[in-house]
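Working notes for the structure below.
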Amino acid sequence: MFMGHNRKATVGQINSENAHPFIVENELVLMHNGSLPTHKHLAKADVDSEAIAKYLHEHWDDDATPLEKANVLGKIGGAWALVWYDLRTEKLNIVRNSQRPLHIFTDKDVTFWASDEHMLRCSLARNSFFGQVKAVPTYTLLTFSESGLQEVVLPTTAFFPTTVIHTAKTY
């Protein structure tokens, strides 16, 4: 498995500690495109991507229901497209919300992804890969494992909770 990421620093200093991918306890490797208005609710970290990595390392459960997975992701907030590999389960997860693009290309035993569709197409063509590039649907979890690709549409209620307004009656 090879994962690469180019980062435009939006939060935190530009240094090797804040560079992608983020690795947590040699068990989870994460790349994140986006920005969070705050990340302190997720984990103690200098940058939002590191906080997401630590948070998912602690809270992600591959065996959880789609609603439980959506609830974990729904707590992140902000804008994100996430790709992480969990060495404990040997699964690659790809998911995005509506605020960040993500495109994917799969051919035989190779998968490429990028936020910028044009850059992905250029990189593929330069390396003689031709085929369909697809946008990753919002709130759809793609999980790659030994048994193949699993695609799960997550319930959006976790990302857009209904606000209940209580009105008082006066008599």
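The values are calculated or read from the model by the stated rules, or taken from the named source; none is laboratory data. Since the model is a prediction, treat every value here as computed from it, not as a measurement. Accessible surface is based on the protein model in full, side chains and every heavy atom, while ligands, DNA and RNA are left aside. Shrake-Rupley method; radii C 1.70, N 1.55, O 1.52, S 1.80 Å.
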Over the range 62-171, with the other protein chains present, what is the accessible area per residue in square angstrom, probe 1.4 angstrom? 63 Å²
Applying the gyration tensor rule to the Cα atoms of the range 30-171 (axes a ≥ b ≥ c; rounded if a/c under 1.5, else prolate if a/b exceeds b/c, else oblate), the class is prolate
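So which of Lys69/Lys108; Lys44/Lys75; Lys54/Lys134; Lys54/Lys91; Lys40/Lys134 end up more than 22 Å apart, counting from Cα to Cα? Intermediate results must be reported in sequence, preceding the final value.
Details: Lys69/Lys108 28 Å; Lys44/Lys75 15 Å; Lys54/Lys134 29 Å; Lys54/Lys91 17 Å; Lys40/Lys134 33 Å.
The answer is Lys69/Lys108; Lys54/Lys134; Lys40/Lys134.
Give me the percent of accessible area attributable to carbon and sulfur for the range 76-157, probe 1.4 angstrom. Don't skip to the end; give the middle numbers.
Values: 2240 of 4530 Å².
Its accessible area is 50 percent carbon and sulfur atoms.
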